[in-house]
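Participant: Take this structure first; my questions come after.
Here, each number is a calculation from the coordinates, and none is a lab measurement. Worth saying up front: this structure is predicted, and the values here are computed from it rather than measured. With ideal geometry, Cβ positions are generated from the backbone for all residues, glycine too; neighbour counts draw on all protein chains shown.
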Amino acid sequence: MPKVIPIFPLSLVQFPGAVTPLHIFEPRYRKMLQDVMAGDKTFGIIYRNDDVLLETEAIPLGSVGCTVEVALSQGLPDGRSNILCVGVARYRLLAYVDGQPYQQAEVEFFEDELSFDDLSNDAARAKELFQRLLKASRQLKDENDRVNDAPDLPDDPQALSFIITAYLDMENSEKQDLLELTDTGERLRQVSKTLAELADKYERRAAAHHVSKHNGHGGKLPEF
């Protein structure tokens, strides 16, 4: 059923389940936060590609975004706020609604298409590749195996595909395409393909980094 929600255009792609910190400083969005906190604590984030849109242009109807719930809010003395948001559900813009200094829109929510395919192997592969990427990334930064900022990976294939995509170093346009996709299996396969490419790249860089740290005395030069 359509619902009217506040809309916050940002240069990021929000995913369900992903945690996003935001700094609220513009007067119109201070008002939005006040209204949100007085209500159900939710609003919609939507990706704004400023390379395509002028500052004065509205995001086209039919565009896809994701609602968030404010989990923590810290007000600052000058009226600004730091908030921590958690992604909830995807939506499509149906119509803009006037009446507030910030944008509001009527939206419809949607989920992935119902499927009875067994995606357990796809999910396990995505998890394995993600852990490979994390390990190689830590080695490049000379960190130990303990990762404080690594996300908890859910078992549900749809939720897993969202969380991994949110943390990947990808172009926002590519993330937006994955957000809009309604086939869980296809999203997982695309994510795994990207993970495999990134894991290979980072592992090669980590191997070269290890050799350079030891001035060439760390053993046999790895074959690239």
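Participant: Under 20 Å from a label point 7 Å along Cα→Cβ of ASP155: give me every residue in the range 105-127 with its amide N that close.
Facilitator: Correct set: 115-127.
Participant: If the limit is 31 Å between Cα atoms, which of LYS141/LYS193; LYS31/LYS141; LYS175/LYS201 go over it?
Facilitator: Values: LYS141/LYS193 24 Å; LYS31/LYS141 41 Å; LYS175/LYS201 20 Å.
Beyond 31 Å: LYS31/LYS141.
Participant: Using only the alpha carbons, work out the radius of gyration and Dmax of the range 1-129 in angstrom.
Facilitator: 16.4, 53
Participant: I need the semi-axes of the equivalent ellipsoid of the range 74-164: take the C-alpha gyration tensor, multiply each eigenvalue by 5, square-root it, list largest first in whole angstrom.
Facilitator: Values for the range 74-164, descending: 34, 26, 9 Å.
Participant: Further, regarding this structure: Calculate I(q)/I(0) for the chain by the Debye formula, one identical point scatterer on each C-alpha and no solvent, and give its log10 at q = 0.15, 0.17 Å⁻¹ to two decimals.
Facilitator: -1.04, -1.21
Participant: Report the full-extension gain for the segment ASP40 to ALA58: residue separation times 0.36 nm, less the Cα-Cα distance, to one decimal in nm.
Facilitator: Contour length minus the Cα-Cα distance gives 4.0 nm.
Participant: When the dipole is taken about the Cα centre of the chain, and only Lys, Arg (+1) and Asp, Glu (-1) are charged at their Cβ, what size is it in debye, to the nearest 20?
Facilitator: On the way: 25 positive and 37 negative charges, 187 e Å.
Roughly 900 debye, rounded to the nearest 20.
Participant: What list of ³J(HN,Hα) couplings, whole Hz, do you get for the range 188-199 from phi and the Karplus terms 6.51, -1.76, 1.60, once you set θ to phi - 60° and write x for glycine and proline?
Facilitator: Result, rounded to whole Hz: 4, 5, 5, 5, 5, 4, 5, 4, 4, 5, 5, 4.
Participant: Same structure, new question: For the range 120-213, what's the radius of gyration and Dmax over Cα atoms, in angstrom?
Facilitator: Taking only Cα atoms of the range 120-213, I get Rg and Dmax of 13.8, 45 Å.
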